[in-house]
Amino acid sequence: MPSALTFDEGALVEPLSIGTYAAARAQITAGDKVLIMGAGPVGLMCLIAALTRGATEIYAVDVFNWRLNKAKEFGATDTLNAKDEDVVEKIRELTKGDYVDVTMETSGSPEAAAQSVKVTRRGGTIALVGLYDSVQIQYPLLDVLMKEISVVGNYDGAHSFPTSLQIMESGRFDAKKMITDHLPLDEIESGFKMMEKKKEGVLKIQLHP
């Protein structure tokens, strides 16, 4: 790890690499419109990666307003609460009927995965990043076929460590905004419970030996 990086910044290189790897797999380029489905830690990392690759419009969807506020802090153009808004219709409005070039589905919700096909333009790309509870989910493959959408899976971000290190060293990413809590290592169980309950305001917990 470069000596210029702090311990906190170094701990975020691996999760950031999930985002940089997915953004590379989705071939996000300058001027792209991108939708992030799920504004948790992984979704926010994807947002940061999309920004660094030149995406000009980035929309974030979640069901927690405090997460959407975080997405705005990290540079989202606009945010949508899926509990309160029709995501497909709102994306149609925001993009003036063009829909998005790339959708990054990070929530792990089968419903969001299916919805990603509706919000992605013809010839666009969907990056499946979230992990699903079931090995099989219902997915509108006929729509994928008819719209000629490319669907890419993402799992191994280790190849993107160099890119993530460059982003961290550039100072474009404020680690303090991502790490919301600090706990000693012997309180790791409490940390897991906080994450499982999706406690408001908790994004990343840094453990210290």
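The values are calculated or read from the model by the stated rules, or taken from the named source; none is laboratory data. Every value quoted in this text rests on a predicted model; they were computed, and no experiment measured them. Cβ coordinates were reconstructed from backbone atoms using ideal geometry, including for glycine residues, and neighbour counts include every protein chain displayed.
Please find, among Leu16, Leu51, Leu12, the residue that is surrounded by 20 or more Cβ atoms within 10 Å (Cβ to Cβ) and modelled with pLDDT of 95 or more. Lay out the reasoning, then the answer.
On the way: Leu16 fails: modelled with pLDDT of 95 or more; Leu12 fails: modelled with pLDDT of 95 or more.
Result of the check over Leu16, Leu51, Leu12: Leu51.
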Q.
Being surrounded by 24 or more Cβ atoms within 10 Å (Cβ to Cβ), among the small types (Gly, Ala, Ser) and closer than 21 Å to Asp174 by Cβ narrows it down to one residue among Ala4, Ala23; which is it?
A. Ala23
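Quick test for you: out of Ala175, Ala127, pick the one residue that is among the small types (Gly, Ala, Ser), more than 24 Å from Ala112 (Cβ to Cβ) and in contact (Cβ under 8 Å) with a residue 60 or more places away in the chain. Lay out the reasoning, then the answer.
On the way: Ala127 fails: more than 24 Å from Ala112 (Cβ to Cβ).
Checking each option against the conditions leaves just Ala175.
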Q: Please verify whether the range 180-188 includes one or more residues that are in contact (Cβ under 8 Å) with a residue 40 or more places away in the chain, surrounded by 13 or more Cβ atoms within 10 Å (Cβ to Cβ) and either touching a helix residue (DSSP H, G or I) at 6+ places or on another chain (Cβ under 6 Å) or at positive phi (or both).
A: no
(Q) Test of understanding: among Gly108, Gly201, which residue is assigned by TED's automatic domain parsing to the domain that holds Lys90, small (Gly, Ala, Ser), on the phi > 0 side of the Ramachandran plot and outside any helix (DSSP H, G or I)? (A) Gly108
Q | Residue list for the range 28-68, restricted to those being assigned to a helix (DSSP H, G or I), within 13 Å of Thr103 (Cβ to Cβ) and touching an Asp or Glu at 6+ places or on another chain (Cβ under 9 Å) | A | Gly43, Ala50
Q. Out of (1) assigned to a helix (DSSP H, G or I); (2) at pLDDT 90 or above; (3) aliphatic (A, V, I, L, M), the odd one out for Met168 is which?
A. (2)
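Is it the case, given these coordinates, that Phe161 is aromatic (Phe, Trp, Tyr), assigned to a helix (DSSP H, G or I) and closer than 21 Å to Pro41 by Cα?
Details: aromatic (Phe, Trp, Tyr): yes; assigned to a helix (DSSP H, G or I): yes; closer than 21 Å to Pro41 by Cα: yes.
The answer is yes for Phe161.
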Q | Failed criterion for Ile91 (all others in (1) under 29 Å from Asp174 (Cα atoms); (2) out of contact with any strand residue (DSSP E or B) (no Cβ under 9 Å at 6 or more places or on another chain); (3) modelled with pLDDT of 95 or more; (4) aliphatic (A, V, I, L, M) hold) | A | (2)
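For Gln115, are the conditions met, namely being over 11 Å from the mean Cα position of the chain (by Cα), touching a residue at least 12 places away in the same chain (Cβ under 8 Å) and surrounded by fewer than 17 Cβ atoms within 10 Å (Cβ to Cβ)? So that I can check it myself, show each step before the final result.
On the way: over 11 Å from the mean Cα position of the chain (by Cα): yes; touching a residue at least 12 places away in the same chain (Cβ under 8 Å): yes; surrounded by fewer than 17 Cβ atoms within 10 Å (Cβ to Cβ): no.
The answer is no for Gln115.
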Q: Would you please list the contacts, defined by Cβ atoms under 6 Å and residues six or more apart or on different chains, that run from a residue in the range 27-56 that is closer than 17 Å to Ile126 by Cβ to a residue that is part of a helix (DSSP H, G or I) and of a type in the set (Val, Ile, Thr)?
A: Leu35/Val119; Val42/Ile18; Ala49/Thr20
